[in-house]
Amino acid sequence: MKKRVAIFPAGTEIGLEINRALKYSTHIEVYGFTSIKDHSGYVYANYVEGLPFYSEDIFVDRLNKYIEKYNIDFIFPAHDDVQLCLTENVDNIKATIITTDLNTVRICRSKIETYRFFSSEGFVPTIYENKESVETFPVFIKPDVGQGTHGAKIIKSMHELQNAFYENPNIVVCEYLPGEESTVDCFTDFNRALRACKLRNRKRIKTGISVNSEILPMNNTVMKIAQTINRRLKFNGVWFFQLKKSRNDEYKLLEIAPRVAGTMGLSRNAGINYPLL
């Protein structure tokens, strides 16, 4: 009997990739759950709209009613905030959440917490605690909690930095990394063994997702970073992290996410189906 997997929210690039990865499996029946009407209605064979937003008080109760109505076995989160919400409520939801350790999800959701957690590692970029500690420009800012490229930009002067803090006091200020950017797609099994680790570049980026990418040969430096992250955090399943090279040509960590990446379809077509694993 097929297992029923609901992808929520169905219409994100992450959700659409999970659907592509699962829909041909003879063991799985995919459902697309969404709170708003979007493109996913044209994509999923089983499309269900009208769920409350994850931030609403009635979300878990209504989600459970949808789970019972459609006999859902698993829910696959397809958005960072949704993953955190579902993981925090895993004991109250009547389906298995395809996620990882709650503490790991919380650390990865905050760039400040991520950098603090790995502060002793050489791959963490220089972080400025406040605007007064910045002595040279340019620097790079990004929201503490966010995804894609929203709110991320180069800051070239103290005046720009002051304005940025005025607009959003919860920003991360770090050293400017002018080098090439890359993503590392990973899979960790339930024994915490790192089973897959693929390095790819990010040639062209649209709304934070690489739309032009190619798999690169793995090197020892990146592999050691992956092994360190995997050892110190508790992953169960798919995850990825992003790197960018510094002025000294050193790999520096941008972020970690314990979920499917939108461009994992590249690895899927090359032989590793991360969501199906």
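Considering each of Val90, Val60 in turn, give the residue that is within 20 Å of Lys234 (Cβ to Cβ) and among the hydrophobic types (A, V, I, L, M, F, W, C). Step through it out loud before you land on a result.
On the way: Val60 fails: within 20 Å of Lys234 (Cβ to Cβ).
Going through Val90, Val60 in turn, just one is within 20 Å of Lys234 (Cβ to Cβ) and among the hydrophobic types (A, V, I, L, M, F, W, C): Val90.
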For segment 148-186, which positions are touching a helix residue (DSSP H, G or I) at 6+ places or on another chain (Cβ under 8 Å), crowded, with 18+ Cβ neighbours inside 10 Å and not in a strand (DSSP E or B)?
Leu161
Total residues in segment 214-227, condition in contact with a strand residue (DSSP E or B) (Cβ under 7 Å, 6 or more places away or on another chain) and open to solvent by 20 Å² or more (accessible area, probe 1.4 Å):
7
For segment 262-277, enumerate the residues that are open to solvent by 30 Å² or more (accessible area, probe 1.4 Å) and of a type outside the set (A, V, I, L, M).
Arg268, Asn269, Gly271, Asn273
Could you give every pair whose Cβ atoms fall below 9 Å, whose first residue belongs to segment 228-249 and is loosely packed, with under 15 Cβ neighbours inside 10 Å, and whose second residue is outside any loop (DSSP other than H, G, I, E, B), counting only separations of at least 6 or pairs across chains?
Arg231/Leu194; Arg232/Phe117; Arg247/Glu175
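For every residue, the table says whether it meets (1) open to solvent by 70 Å² or more (accessible area, probe 1.4 Å); (2) without any contact (Cβ under 8 Å) to a residue 60 or more places away in the chain.
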site	(1), (2)
Val90	no, yes
Thr96	yes, yes
Thr104	no, no
Ser110	no, yes
Tyr115	no, no
Phe137	no, yes
Asp144	no, yes
Taking first residues from segment 16-28 that are closer than 22 Å to Asn71 by Cβ and second residues anywhere that are open to solvent by 30 Å² or more (accessible area, probe 1.4 Å) and assigned to a helix (DSSP H, G or I), the pairs with Cβ under 8 Å that are 6 or more apart or on different chains are Ala21/Arg268
Could you tell me whether any residue of segment 20-29 is surrounded by fewer than 23 Cβ atoms within 10 Å (Cβ to Cβ), assigned to a loop (DSSP other than H, G, I, E, B) and under 19 Å from the mean Cα position of the chain (by Cα)?
no
Select from segment 250-261 the residues that are assigned to a strand (DSSP E or B) and open to solvent by less than 10 Å² (accessible area, probe 1.4 Å) and write down the one among them that is nearest to Val124 (Cα to Cα).
Leu253
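Please pick out the residue among Ala45, Ala78 that is small (Gly, Ala, Ser) and open to solvent by 30 Å² or more (accessible area, probe 1.4 Å).
Ala45
The values are calculated or read from the model by the stated rules, or taken from the named source; none is laboratory data. What you see is a predicted model, and the numbers here were worked out from it, not measured in a lab. Note: ideal-geometry Cβ built from the backbone for every residue, glycine included; neighbour counts use all protein chains shown. Keep in mind that these areas ignore ligands, DNA and RNA; they rest on the heavy atoms of the full protein, side chains included. Shrake-Rupley method; radii C 1.70, N 1.55, O 1.52, S 1.80 Å.
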